[in-house]
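Asks: First the structure, which I've put down as structure tokens, then a few questions once you've had a look.
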Amino acid sequence: MPLQHMLDNADVLDSINAVDWAAIPGRAGWYSPECAAAGLRDLASATSNLEAAKAASRLAGGGIIHDHSGAVFPAAVVAAPFLLDILEHGRPKAQGAALDLLSCSLTHEPFAGYTRVDTPSVKGVPLCCAIAEQIRARDDALGAQGHGARSLLADTAEHWRFEVRDVAAEYEATAVFGLLGGTFPDGAHAAELHDGRRIIQLAAVTLEIPPNADSDEACLRLIGVPVDRVRAGAVLYPAVCGERVH
């Protein structure tokens, strides 16, 4: 059911209320669970510019980000699906606010001690990468939402993700074959290899075989990494994202 219909009944509000926002970790004195819950409810229900602005102010004033200081909280990862629904299907008055909040959630810096979250498939993911994954999952729909949404998708591409499907030994390196989400930049770059609870820092990773227009399949080269240190199912993220701290 499209969200523009759901916003007129209790379903979307029940989904927001079902989240235990107080249980989501956040820096004391900065993160406000009440603002997160109330801000999302109000933004989902907003019918005027004033209502949307007030709701966004709650979310930007400690609900999911602290816009004045440029900080983002782990609650932004949990809020991302709601904001994406509003952006994709919500009332026009709220769509712009949802877009701005998603953009800020992606670019603001997390506080020390609150820089990572566990996702259903990977542990210890940097906040920006966890948000980027959710945005990227809606790329087809968001691409039709106008310039602002397409700009958000372009920013999201920088937070690439690579899921290892197969591994092969190379001279002084390991080749990994798998699925690439986002855009791997030219040259060699540091990366994080996530394998269960382990996060292994890799000094130099290059794109060996890029994906094509019909598939996300690609190959990365992990320079100086023995083949026995990598296994199928591991996931790589940009090391720079894991280093971000407010």
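The values are calculated or read from the model by the stated rules, or taken from the named source; none is laboratory data. Keep in mind that this is a model prediction, so the values were computed, not measured. Note that each Cβ is placed from the backbone with ideal geometry, even for glycine, and that neighbours are counted across all protein chains shown. What goes into the accessible areas is simple: the full protein's heavy atoms, side chains included, and nothing from ligands, DNA or RNA. Shrake-Rupley method; radii C 1.70, N 1.55, O 1.52, S 1.80 Å.
Asks: In this structure, does Gly196 turn out to be touching a strand residue (DSSP E or B) at 6+ places or on another chain (Cβ under 6 Å) and on the phi > 0 side of the Ramachandran plot? Quick ask: steps written out before the conclusion?
Replies: Values: touching a strand residue (DSSP E or B) at 6+ places or on another chain (Cβ under 6 Å): no; on the phi > 0 side of the Ramachandran plot: yes.
Judged against the criteria, Gly196 is not a match.
Asks: Something else: Would you call Phe177 touching a residue at least 12 places away in the same chain (Cβ under 8 Å), open to solvent by 60 Å² or more (accessible area, probe 1.4 Å) and of a type in the set (A, V, I, L, M, F, W, C)? Let's see the steps before the verdict.
Replies: On the way: touching a residue at least 12 places away in the same chain (Cβ under 8 Å): yes; open to solvent by 60 Å² or more (accessible area, probe 1.4 Å): yes; of a type in the set (A, V, I, L, M, F, W, C): yes.
So Phe177 fits the description; yes.
Asks: Only one of (1) under 24 Å from Phe111 (Cα atoms); (2) in contact with an Asp or Glu (Cβ under 6 Å, 6 or more places away or on another chain) is not met by Ile200, so which one is it?
Replies: (2)
Asks: Would you mind telling me which numbered condition in (1) assigned to a helix (DSSP H, G or I); (2) at pLDDT below 95 Ala79 fails?
Replies: (2)
Asks: Let me ask you something else. From the residues in the range 188-198 that are under 17 Å from Gly224 (Cα atoms) and surrounded by fewer than 17 Cβ atoms within 10 Å (Cβ to Cβ), which one is nearest to the chain's Cα centre (by Cα)?
Replies: Within the range 188-198, the match that is nearest to the chain's Cα centre (by Cα) is Ala190.
Asks: Quick check on the range 108-129. Is at least one of its residues within 12 Å of the chain's Cα centre (by Cα), open to solvent by 10 Å² or more (accessible area, probe 1.4 Å) and at pLDDT below 95?
Replies: There is at least one residue in the range 108-129 that is within 12 Å of the chain's Cα centre (by Cα), open to solvent by 10 Å² or more (accessible area, probe 1.4 Å) and at pLDDT below 95.
Asks: Identify all residues within the range 53-77 that are open to solvent by 10 Å² or more (accessible area, probe 1.4 Å), of a type in the set (Gly, Ala, Ser) and under 18 Å from the mean Cα position of the chain (by Cα); write none if there are none.
Replies: The answer is Ala60, Gly70.
Asks: I've got another one for you. Which pairs turn up if I take residues in the range 78-93 that are open to solvent by 10 Å² or more (accessible area, probe 1.4 Å) and look for partners that are in a helix (DSSP H, G or I) and among the β-branched types (Val, Ile, Thr) with beta carbon separation below 9 Å, at least 6 apart in sequence or on another chain?
Replies: Filtered contacts from the range 78-93: Phe82/Val12; Phe82/Ile16; Asp85/Val12.
Asks: Now a separate question. If you go through the range 14-52, how many residues are over 19 Å from the mean Cα position of the chain (by Cα) and surrounded by fewer than 17 Cβ atoms within 10 Å (Cβ to Cβ)?
Replies: Summing the residues that are over 19 Å from the mean Cα position of the chain (by Cα) and surrounded by fewer than 17 Cβ atoms within 10 Å (Cβ to Cβ) in the range 14-52 gives 15.
Asks: What pairs come out if I take residues in the range 221-246 that are in contact (Cβ under 8 Å) with a residue 24 or more places away in the chain and pair them with residues that are open to solvent by 40 Å² or more (accessible area, probe 1.4 Å) and in a loop (DSSP other than H, G, I, E, B) whose C-beta lies under 6 Å away, six or more apart or interchain?
Replies: Val245/Ala112
Asks: I would also like to ask the following. In the range 199-217, what count of residues is obtained for those that are surrounded by fewer than 20 Cβ atoms within 10 Å (Cβ to Cβ) and of a type in the set (A, V, I, L, M)?
Replies: 6
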